[in-house]
Amino acid sequence: MNKLITLITALTIVGCSSVPYAKVGVGYKIEEETITWVDAEGKRTEFDDPITARFELGLENGSWSYGLSHDSQYFTGKPFNNDHEYSKTEIFVDYKYVWGK
């Protein structure tokens, strides 16, 4: 918990001079197109939804960006159906280098 408080404090300090942004996008998985889900009873279900949903909230400060991102499937799981879906949500720190500037 102390690491999380430290991270939030650091992001708040950095955020004072940063520009907030939001991203919504779509992607197409070129690997891991099929995901196999095994439930607690051993039942296997395969999902072959390669179209992904991408959401990101963050702060930009020069070449640095900080925030929260979420990747999941558009057509598997809520709100379209109750199927299990592959997803990930992460806190990130990125550095962007631009050639030629």
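Test Arg54 against the stated conditions and say whether it is surrounded by 10 or more Cβ atoms within 10 Å (Cβ to Cβ) and either over 17 Å from Asp94 (Cβ atoms) or touching a residue at least 24 places away in the same chain (Cβ under 8 Å) (or both). Against the criterion (surrounded by 10 or more Cβ atoms within 10 Å (Cβ to Cβ) and either over 17 Å from Asp94 (Cβ atoms) or touching a residue at least 24 places away in the same chain (Cβ under 8 Å) (or both)), Arg54 qualifies. Does region 15-38 hold any residues that are at pLDDT below 80 and within 17 Å of Thr76 (Cα to Cα), and which are they? Correct list: Glu32, Glu33, Thr34, Ile35, Thr36, Trp37. What single numbered condition from (1) over 16 Å from Val26 (Cα atoms); (2) in contact with a Lys or Arg (Cβ under 7 Å, 6 or more places away or on another chain) fails to hold for His84? The failed condition is (2). When residues in region 31-87 are screened for being part of a loop (DSSP other than H, G, I, E, B), among the hydroxyl-bearing types (Ser, Thr, Tyr) and touching a Phe, Trp or Tyr at 6+ places or on another chain (Cβ under 6 Å), 2 of them pass.
How many residues, within region 87-101, are of a type outside the set (Phe, Trp, Tyr) and over 21 Å from the mean Cα position of the chain (by Cα)?
So in region 87-101, the residues of a type outside the set (Phe, Trp, Tyr) come out as 87-91, 93-94, 96, 98, 100-101.
Now drop any that are not over 21 Å from the mean Cα position of the chain (by Cα), which leaves 98, 100-101.
Final tally of qualifying residues: 3.
The values are calculated or read from the model by the stated rules, or taken from the named source; none is laboratory data. Everything numeric in this text was worked out from a predicted model, so none of it was measured. Cβ: placed from backbone, ideal geometry, glycine included. Neighbour counts: every protein chain shown.
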